[in-house]
Every structure is written in C-alpha cells, then in structure tokens.
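Notes to accompany the following structure.
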Amino acid sequence: MLLLTVLSAVLVLTAVGRVWAEGRAGTLAVSVTGGKISEVPGGLALVGLAAAVAVFAVRGAGRLAVGALTLLAGLGAAVASAAGAGDTAALDAEAARKLALSGSAATEVGHTGWPWVALAGGLLLAVAGLLTLRYGRGWPAMGSRYEAPTRKAPATTGTPADLWKALDRGEDPTAV
C-alpha cells in the first residue's frame, strides 16, 4: 500500500507539472500545465502522500479513516484530471495574457496525454485506499516507544522551598 500510494501520488504530481494543452494566440505559441488547468489533482495527490505516512501512525478506526480519505483523494484526482483533459479555459486565459487582450481565445488547440496519466495515478491512489480499507486492520502500527511518555506524580511532596532545596542538592524531586 505504501509503495502504491507513493508511486501513484508521484505519478499525479509529475503529470500535473507537464503541459496538458497547447495552442496559438495569434502568432504566439501558448501552453498550460495541468496545475494551471486545475490545482485539484495535485492537491489531492499531496493528501495521498500524507496518508501514506499517517496509515502506520494510527490504528483501528483511524486507519479506516485514512483508507477512506485515500480512496476519496484518488477518485477526486481522477475525476478532476478527466475534467481538465479537454478544458481550454486556462489556455484561453493564457492566450489573453500573452496578447494583452481580454476575451482572446487560443486557436489550433491540442491536448496531450498527461491528463490521462494523472487520471491513471488517481485511480491507482484509489486502489491504495481500497487496499487500506480491506487489509489495513492487520497491518503493524508504530510501537508504543513512539508515544509520548507519561509522567508519574512526583515521588516527594513538600513545600516549594523543599523542592528547590532538592534541586540545589542535585536531586530530581520528580523522580519516582
């Protein structure tokens, strides 16, 4: 699950950093990355990376919640990637920016395969979430040595002056 989660999140993050759409604004070439078209797939991939770490830090219902979150993040990244595959709004905005004319639209628009790579990464992330929901209860968790130590009540009681005197003698008045 850990490897699948990390690989699928990296796949989505790589894909959203690549050009998804390109065209022309007059004589100028324009292009936009997946991150410019939609920030959703990249953001949800980061949620998946956080879940890869969190899944081993929690037990029981917490692990099921992390699995469900990973599943939803993967499905969300896949849906947002599919929606951005044919989107030209960001490309039109880039064309308007390059031409300095509001309302300009890109021409000769073409789309790359990167949105589909991001979609595949999102679906793999969803599979990692399903695996966590199905098998996560049996996976090992971090041991108790990683938990914060609990403090016991001070062994000695006394006035604050007595505690300060013990400190002056080099003793630990809180030691049991």
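Please treat every number below as a calculation from the coordinates, not as lab data. This one's a predicted model, so the numbers in the text were calculated from it and none came from an experiment. Neighbour counts run over all protein chains shown; Cβ positions are idealised from the backbone, glycine included.
Between residue 116 and residue 61, what length comes free when the chain is fully extended (0.36 nm per residue of separation minus the Cα-Cα distance, one decimal in nm)? Show your work: numbers first, answer last.
On the way: separation 55, 0.36 × 55 = 19.80 nm, distance 3.32 nm.
Contour length minus Cα-Cα distance gives 16.5 nm.
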- Linear extension gain, residue 6 paired with residue 27, 0.36 nm per residue minus alpha-carbon span: 3.4 nm
- Considering only 84, 76, 110, give the residue with the highest GNM mean-square fluctuation for the chain, with springs between Cα atoms whenever their separation is below 10 Å. 110
- Once amide H atoms are placed 1.01 Å from N in the peptide plane, what residues at a sequence separation of 5 or more from residue 21, or on another chain, have their amide H within under 5 Å of its amide H? 32, 112
- Task: With +1 on each Lys and Arg Cβ and -1 on each Asp and Glu Cβ, and nothing else charged, work out how big the dipole of segment 2-142 is about its Cα centre, in Debye to the nearest 20.
- Result: 520 debye
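For segment 1-104, calculate the relative contact order in percent as a whole number, restricting contacts to Cα pairs under 8 Å that are 6 or more residues apart. Numbers along the way, then the final one.
Working: 123 pairs, mean separation 33.2, N = 104.
Over segment 1-104, the number comes to 32 percent.
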- Query: How compact and how long is the chain, expressed as Rg and Dmax of its alpha-carbon atoms in Å?
  - Reply: 26.5, 86
- At 222 nm, what helix-only mean residue ellipticity would the chain give, in deg cm²/dmol to the nearest 500, using -39500 (n - 2.57) for each DSSP H run of four or more? -18500 deg cm²/dmol
- What percent do you get for the relative contact order of the chain when only Cα pairs under 8 Å and 6+ apart count? 30 percent
- Net charge, residue 70 excluded, C-beta distance under 14 Å - Lys, Arg +1, Asp, Glu -1: +2
- Task: First select every other residue whose beta carbon is under 14 angstrom from the beta carbon of residue 33; then total the charges, Lys and Arg +1, Asp and Glu -1.
- Result: -2
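Per 0.36 nm of contour for each residue apart, how much would the distance between residue 172 and residue 39 grow if the chain were fully extended, relative to their Cα-Cα spacing? Intermediate values should be presented prior to the final figure.
Working: separation 133, 0.36 × 133 = 47.88 nm, distance 5.42 nm.
Using 0.36 nm per residue and subtracting the Cα-Cα distance, I get 42.5 nm.
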